[in-house]
Amino acid sequence: MLGLKERGAAGEKLAREYLESNNYIIEAQNFKAIGGEIDLIARQEQRLYFVEVKTRWTDLAGSPLEQVTPAKQRQIARVAMAFLQQYPQMNRYELYFGVIGIDASCKPPVIQWIPEAFEARISL
């Protein structure tokens, strides 16, 4: 049985593979800043996506997408701002906040990608 950290890493690996197979370029994985972390930062054409990955290993926990609360959304926006301050060349892209929900309780896992899951204000 995988521990919580290993489960998260396995879900992020599936999400990364999914995005790459759909022509997204991964700019960063597990980007950390004060106050949090963004699982994946991906780019496609002129769009930059800050992606939260939520994986469920049983069907008892509800939808993975329900776990991205308003507080989590604010945290992601703060970390995204730190990313853009650290990499100012990325400011030229349109910004989006996405969620990938993975239901790993079935084989093969079901992946749901919501590229515009929520809106957030970022001021640099």
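One residue alone among Ala15, Ala10 is under 15 Å from Val99 (Cβ atoms) and in contact (Cβ under 8 Å) with a residue 12 or more places away in the chain, and that residue is Ala15. The strands (runs of 3 or more DSSP E) falling completely within region 32-124 that include 1 or more residues that are over 15 Å from the mean Cα position of the chain (by Cα), surrounded by fewer than 19 Cβ atoms within 10 Å (Cβ to Cβ) and not hydroxyl-bearing (Ser, Thr, Tyr) map to 94-103, 110-118.
Of all residues in region 81-93, those that are of a type outside the set (A, V, I, L, M, F, W, C) have Cβ atoms under 9 Å from Cβ atoms of residues that are exposed (fewer than 13 other Cβ atoms within 10 Å of the Cβ) and part of a loop (DSSP other than H, G, I, E, B), 6 or more apart or on another chain, in Gln85/Leu124; Pro88/Leu124; Asn91/Leu124; Arg92/Gln46; Tyr93/Glu45; Tyr93/Gln46.
Can you confirm whether Glu17 is at pLDDT 85 or above, within 15 Å of Val110 (Cα to Cα) and surrounded by fewer than 18 Cβ atoms within 10 Å (Cβ to Cβ)? It is true that Glu17 is at pLDDT 85 or above, within 15 Å of Val110 (Cα to Cα) and surrounded by fewer than 18 Cβ atoms within 10 Å (Cβ to Cβ). Within region 18-48, the set of residues being of a type in the set (Phe, Trp, Tyr) and either without any contact (Cβ under 8 Å) to a residue 12 or more places away in the chain or in contact with a helix residue (DSSP H, G or I) (Cβ under 8 Å, 6 or more places away or on another chain) (or both) comprises just one member, Phe31. If the condition is being within 12 Å of the chain's Cα centre (by Cα) and assigned to a strand (DSSP E or B), then region 9-26 contributes only Ile26.
The values are calculated or read from the model by the stated rules, or taken from the named source; none is laboratory data. Just so it is clear, the structure is predicted and the values come from calculations on it, not from any experiment. Heads up, the Cβs are rebuilt from the backbone with ideal geometry, glycines too, and the neighbour counts pull from every protein chain shown.
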